[in-house]
Structures are given as C-alpha cells and as structure tokens.
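First the structure, in the form of structure tokens, and then the observations on it.
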Amino acid sequence: MAGVDDFVEADNAEAIISRIEHKSRKIESLLKQGRPVESLKTALEGSPPNTRDERCKSANWIVVHRAIMAIKDFDALFSSLDPEYYDILMKYLYRGLSTGDRPTCDQCLRIHERLTERAGLGCILRTLADTVNTV
Amino acid sequence: MSAVAVHQFAQCITCHAWSPDHSMIALCPNNSEVHIYRMSEDKWERVHVLQKHDQIVSGIDWSSTSNKIVTVSHDRNSYVWNLEGSDWVPTLVILRLNRAALCAQWSPQENKFAVGSGAKTVCICYYEQENNWWVSKLVRKRHNSSVTSVAWHPNNILLATTSTDGKCRVFSTFIKGVDTRDSKTSSSSDTKFGEQILQLDLSYSWAFGVKWSPSGNTLAYVGHNSMIYFVDDVGPSPLAQNVAFRDLPLRDVLFVSEKVVIGVGFDCIPMVFAADESGIWSFVRFIGETKTPSSAPKYGSQFSEAFGKFYSQSKYGVNNDGTENSRQRGGIHQNCINCILPLKEPGVSMVRRFSTSGLDGKVVIWDLENQDDLFQ
C-alpha cells in the first residue's frame with residue numbers, strides 16, 4: 001500500500017495542489033456562510049498523507065489551519081464530526097502544536113483535549129507511531 | 001469478574017508456559033532463570049529452577065504431547081529441556097544468531113520449533129536422530145528488523161511472523177526428512193523451505209503478537225499504533241481488516257474461537273474482539289472491568305494524578321509504576337500484559353480459560369464463563 005504512492009510525479013503533485021486550491025475556495029465560502037465545522041471536514045477530506053511532496057503537505061496544512069482556527073463551538077464540532085476524521089485531525093493538531101505559534105497552539109490544545117476524550121489515547125498513539133503517513 | 005485466580009510470582013515476568021496438564025507453570029522472573037511451580041494444596045510451590053542461560057529468558061514453550069520445554073534467551077542460545085527422572089536435562093541448541101532471541105514456539109506436531117530474533121532472522125530448529133542433535137535452519141534476508149513473534153499454522157508447515165519493520169509475513173518451513181509431502185494441505189507443502197508465501201504491509205509501526213485461528217483460516221496481529229489486524233483467506237488474495245481502538249496498544253492476542261479474539265497489552269486489561277455474521281471484526285468489551293467503558297474517562301484527572309506522582313517521585317525517589325490508570329479501571333494487572341496463553345481442556349475445541357502474565361509479575365487465570373454472548 002505504501003509503496004504505490006512512494007514517489008509523486010510532478011504532474012501528480014500539480015494535480016494535488018490544484019485540488020487543494022479548489023478546496024481552499026470552498027472553505028472560504030463555507031466560512032462566509034458561518035459553517036466552520038463543514039469547512040473543517042472539507043479541509044480534512046482528501047488530505048494527502050501518502051505523498052512525499054512537502055509542498056502538497058504544506059498547502060493542505062494552510063487550508064486545514066484556516067479551518068481549525070475558525071472553530072469556536074467545540075461541542076458542535078464533535079457532535080457532527082464523524083469518527084473517521086479523528087485520526088487525521090489529531091495528526092494536524094500535532095502539526096499545529098509543532099509550529100510553536102501561540103494562538104495556533106492554544107487552539108490546537110483546546111481541540112486536543114476534547115478529541116482525546118472522544119477518541120482515546122489510541123488516537124494519539126496512531127498519530128505518534130505513524131512516521132510514514134505524515135501530514 | 002472473570003479472573004478466577006491471581007498469583008504474584010515475581011517482580012516481573014517476561015513469559016510463561018503451562019505443563020500439558022496445567023498443573024505446573026514455567027516462567028521467567030525477568031532474569032536468566034526459568035522457575036517451574038507446581039500447584040499443591042492450593043499453593044504454588046517452586047519445584048525446579050532451570051539455570052543455564054546467561055541473560056534474560058525471552059521465550060518459553062512447553063510442548064503438550066512430548067513434554068519438552070524450549071527456552072530462548074537474549075544470550076542468543078536456546079535449550080531444549082527434557083524431564084529425565086526428576087531432573088530437567090538441558091540440550092543446547094546452537095541457533096547461530098548474532099543478536100538476542102526474542103520468542104519461541106513449538107510446531108503443532110512438536111517436531112520443530114521456531115525462534116524469532118533480533119538478528120532479523122527466524123530459526124527453524126528440528127531434531128536430527130542420527131547425530132542426536134538439534135539443528136537450526138535460518139530464514140535469512142526476509143525481515144528488515146527484529147522478529148517479535150512467531151505463530152505456527154495448524155498444518156505444521158506455514159509460519160507467520162511479525163517484525164518491528166511493521167510487516168507480518170508467512171513462510172513455508174518445509175524441511176526434507178522432517179515433514180512429509182503428502183500432508184493434508186498439499187498446496188502449501190509444495191513450497192521450499194524459507195519461501196515467503198505472503199507479506200502484509202498493514203502497519204506503519206512495530207508489529208507484535210501474531211496468531212492463527214484454530215482452523216488456520218484467519219490470522220490476527222497487532223501494531224504498536226493501537227491497531228489490530230485480521231487477515232482472512234491467507235494466500236494469494238488475502239482479505240485484511242484494520243481495527244483501530246481507543247486505548248493503548250496491544251502486545252499479544254489469542255483466538256478463543258474462530259470468531260473471538262482476546263487482546264492484551266499496555267492497557268493492563270484484556271480486550272475482546274469479535275467478528276459478526278458478515279465477518280466484520282470489532283472491539284466488544286474489556287474483561288473483568290468494574291466500570292463501563294462508555295462514559296468518557298476523565299483524562300484531566302489522570303493528568304493531575306500523573307503530575308502528583310511525578311512530584312512525589314522526585315521527592316521520595318520511589319518508583320511505584322504507572323498503575324493509577326489500571327486501578328481506576330478496576331483491572332487486575334497493574335502493568336503491561338505481554339503474554340497470553342490458552343488453557344485448553346482436552347477434547348474441547350473452544351478455549352474457555354486462559355492465562356496472562358505481565359510486567360507486574362502476576363499470572364492471572366481468566367474464565368469466559370458468563371460471557372456466553374461471545375460464543376453465539
């Protein structure tokens with residue numbers, strides 16, 4: 001499974017970037033409509049953990065970061081976020097914490113607490129143990 | 001509660017094994033010795049101490065029909081112990097390893113045993129009658145990292161291994177003169193020794209605790225990323241399922257029937273996984289838990305407890321192991337469980353009792369009575 005996406009051809013990376021740009025526009029419009037939870041779901045969908053291309057990862061992180069920072073109501077977030085998103089969200093929270101940026105870390109820690117309650121320590125373990133599919 | 005017996009044998013137990021009639025237990029108390037205890041008048045009495053290894057014994061297996069014990073150790077050697085009179089007599093098996101041996105298991109017919117090692121190899125050892133000598137044959141250059149666990153298929157030929165490179169592999173261990181070509185599963189015995197039948201790339205972190213189901217149709221193993229993997233139809237087109245769970249990773253698993261698996265590990269409490277009618281595996285419940293797992297655990301209080309412990313430790317310099325979590329759960333083990341074995345009644349296909357041992361030095365016997373819903 002891992003071997004297939006090991007190396008990304010240039011045009012493949014371009015395709016991913018353009019998909020992320022499209023996603024970014026969609027998220028902006030969702031945020032304008034006041035639907036931050038939908039925007040986070042959209043941001044997490046189709047995240048490119050399998051690629052080795054750092055540009056794709058960074059581009060997607062910018063989009064996810066935008067959506068994470070817009071979350072205000074955590075109860076609403078977790079009542080509508082499906083469990084299949086938990087693992088990928090946890091990965092992005094750790095990416096957020098690694099930036100060292102104060103507001104980002106504050107927000108990530110708040111979500112981290114709620115997510116750990118929901119998804120358990122196993123979710124953190126899956127994030128920390130997976131050194132191949134990084135975000 | 002389904003734990004029927006708890007006994008503190010040592011500070012820490014690396015592995016244990018039962019005699020064929022379950023009256024005796026062999027265990028390693030985290031040193032170079034193997035202690036054998038016998039149950040007499042409701043008390044465990046130490047009857048033998050097997051001293052031959054130089055370093056920690058990492059694997060013990062007691063064969064059920066031939067009554068032989070195989071032990072492997074970090075000292076890179078293995079001994080086969082034979083009961084002669086009232087003494088256990090060791091025979092050295094030179095494994096030809098340059099790293100520690102990590103696990104050992106007798107094959108179902110007990111004419112071979114497999115040893116996993118830190119040297120990225122698996123040793124298949126068999127007895128050569130003419131030389132009166134155990135020979136070790138190596139499966140080399142197949143694993144990219146330490147072999148953490150080995151499991152024999154019921155057909156005595158196929159061997160499954162897990163490794164810290166995250167892979168689970170299945171090999172043929174056909175040895176001329178030991179195995180016969182006309183065994184039940186003709187297709188799998190056609191392959192040569194050391195040939196890889198299958199490689200499963202499901203995990204991205206260390207893999208542990210591989211086991212076959214009683215029929216040999218399903219394979220289960222665990223990853224260090226809080227995942228358990230089930231593989232049906234082991235062969236050219238395997239069907240794999242990944243099950244993620246919310247707790248700490250597992251170390252070992254046990255099939256109690258074709259459709260029910262018990263997992264043990266860092267959460268100090270056995271977990272039950274079961275397959276439904278359509279063959280979809282999922283986590284069912286903990287065994288012997290006093291509280292229900294549904295209410296969200298209070299991680300905040302755990303963190304403050306951890307802090308409290310940290311401060312008390314720095315003050316008094318005592319180490320009383322991270323056990324608050326399991327005590328909160330009402331678990332019986334106080335530390336990571338790293339070994340689970342079936343206690344099979346002769347003639348009964350399903351396992352109703354099993355034993356676990358772990359880093360807390362306890363051996364716990366569990367009974368699946370009152371858990372009948374699992375077997376429907």
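The values are calculated or read from the model by the stated rules, or taken from the named source; none is laboratory data. Note that the structure is predicted; figures quoted are calculated from it, not measured. Don't worry about glycine lacking a Cβ; one is built from the backbone with ideal geometry, like all the others, and counts go over all protein chains shown. Note: areas computed on protein heavy atoms with side chains; ligands, DNA, RNA excluded. Shrake-Rupley method; radii C 1.70, N 1.55, O 1.52, S 1.80 Å.
Can you tell which of A:Thr99, A:Thr51, A:Thr116 shows the greatest fluctuation in a Gaussian network model of chain A with Cα springs below 10 Å?
Among A:Thr99, A:Thr51, A:Thr116, the largest GNM mean-square fluctuation belongs to A:Thr99.
How high is the FRET efficiency between A:Asp106 and B:Leu239 when r is their beta carbon distance and R₀ equals 25 Å, given to the nearest 0.05?
Efficiency computed from Cβ-Cβ geometry: 0.05.
Which residues belonging to region A:72-121 lose at least 40 Å² of 1.4 Å-probe accessible area when the assembly is complete, relative to their chain isolated?
The answer is A:Glu117, A:Leu121 - residues whose exposure falls by at least 40 Å² when every protein chain is included.
Give me the percent relative contact order of chain B, please, defined on Cα pairs under 8 angstrom at least 6 residues apart.
Once divided by the residue count of chain B, the mean separation gives 12 percent.
Ordered by residue, what ³J(HN,Hα) values in Hz, to whole numbers, does region B:157-167 give under the Karplus form 6.51 cos²θ - 1.76 cosθ + 1.60, where θ = phi - 60° and Gly and Pro are x?
Ordered by residue, 3J(HN,Hα) equals 10, 7, 10, 9, 10, 10, 9, 6, 7, x, 9 Hz.
Helix B:299-316 versus the longest principal axis of chain B: what angle, 0 to 90°, nearest 10, using Cα atoms?
90 degrees
On a straight-distance basis, which aspartates and glutamates could pair with A:Lys41 in a cross-link, Cα separation under 14 angstrom, same-chain partners fewer than 8 positions away excluded?
Reachable aspartates and glutamates: A:Glu28, A:Asp82, A:Glu84, A:Asp87.
Could you check which residue among A:Arg66, A:Arg102, A:Arg19 shows the biggest mean-square fluctuation in a GNM of chain A with a 10 Å Cα cutoff?
Top of the fluctuation ranking is A:Arg102.
Could you give each residue of region B:246-262 its phi-based ³J(HN,Hα) in whole Hz, using Karplus coefficients 6.51, -1.76, 1.60 with θ = phi - 60°, and x for Gly or Pro?
Per residue, the Karplus-derived 3J(HN,Hα) values read 8, 10, 5, x, 8, 10, 8, 10, 8, 7, 8, 8, 4, 10, 10, 10, 9 Hz.
Would you calculate the separation in nanometres between label points at B:Ser215 and B:Arg96, each defined as 7 Å from the Cα along the Cα-to-beta-carbon direction?
Inter-label distance under the simple model: 3.9 nm.
5 Å is the cut-off here: which amide hydrogens, built 1.01 Å from N in the peptide plane, fall below it relative to B:Ser78, excluding neighbours closer than 5 in sequence?
Amide H neighbours of B:Ser78: B:Val93, B:Leu95.
Write down the accessible area per residue of region B:28-70 in Å², having rolled a 1.4 Å probe over the full set of protein chains.
54 Å²
Using the charge dipole of chain B (Lys, Arg: +1 at Cβ; Asp, Glu: -1 at Cβ; taken about the Cα centre), state which of B:Ser23, B:Ile287, B:Val34 has its Cα farthest towards the positive end.
In chain B, that residue is B:Val34.
With +1 on the Cβ of every Lys and Arg and -1 on the Cβ of every Asp and Glu, and nothing else charged, how large is the dipole of the protein assembly as shown about its Cα centre, in debye rounded to the nearest 20?
1040 debye
Can you give the calculated 222 nm mean residue ellipticity of the protein assembly as shown, where each DSSP H run of n ≥ 4 adds -39,500 (n - 2.57) and the sum is split over every residue, rounded to the nearest 500 deg cm²/dmol?
Result for the protein assembly as shown, helices only: -8000 deg cm²/dmol.
At what distance in nm do the modelled label points of B:Val135 and A:Ser98 sit from each other, each positioned 7 Å from its Cα along Cα→Cβ?
5.1 nm
Counting only residues 5 or more places away or on other chains, whose amide H sits under 5 Å from the amide H of B:Met24 once H atoms are built in the peptide plane?
B:Ser19
Whole-Hz Karplus ³J(HN,Hα) for region B:26-33, in order, using 6.51 cos²θ - 1.76 cosθ + 1.60 and θ = phi - 60°, x for Gly and Pro?
10, 8, 10, x, 6, 9, 8, 9
State the answer as a single residue: which of A:Asn12, A:Ser80, A:Pro103 lies farthest towards the positive end of the charge dipole of region A:3-129, with beta carbon charges of +1 for Lys and Arg and -1 for Asp and Glu, about the Cα centre.
Going by the charge dipole, the pick is A:Pro103.
Can you tell which of B:Glu277, B:Glu33, B:Glu45 shows the greatest fluctuation in a Gaussian network model of chain B with Cα springs below 10 Å?
The residue with the greatest mean-square fluctuation here is B:Glu277.
Please enumerate, by chain and number, the aspartates and glutamates with C-alpha under 15 Å from the C-alpha of B:Lys112, excluding those fewer than 8 residues away in the same chain.
B:Asp61, B:Glu128, B:Asp179
Too long at a 24 Å Cα-Cα cut-off: which of A:Lys32/A:Lys72; A:Lys91/B:Lys120; B:Lys192/B:Lys259?
Result: A:Lys91/B:Lys120; B:Lys192/B:Lys259 exceed 24 Å.
Just to be sure I understand: if you take the accessible area of chain A alone plus chain B alone and subtract the pair, with a 1.4 Å probe, what total do you get in Å², rounded to 100?
In total, chains A and B hide about 1300 Å² from solvent.
Non-local amide H neighbours of B:Arg251 (under 5 Å, H modeled in plane, Pro and chain starts lacking H): which ones?
Close amide H contacts, sequence-distant or interchain: B:Val264, B:Gly265, B:Phe266.
So, in nm, how far is label A:Arg25 from label B:Lys192 when the simple model puts each one 7 Å beyond its Cα toward the Cβ?
5.9 nm
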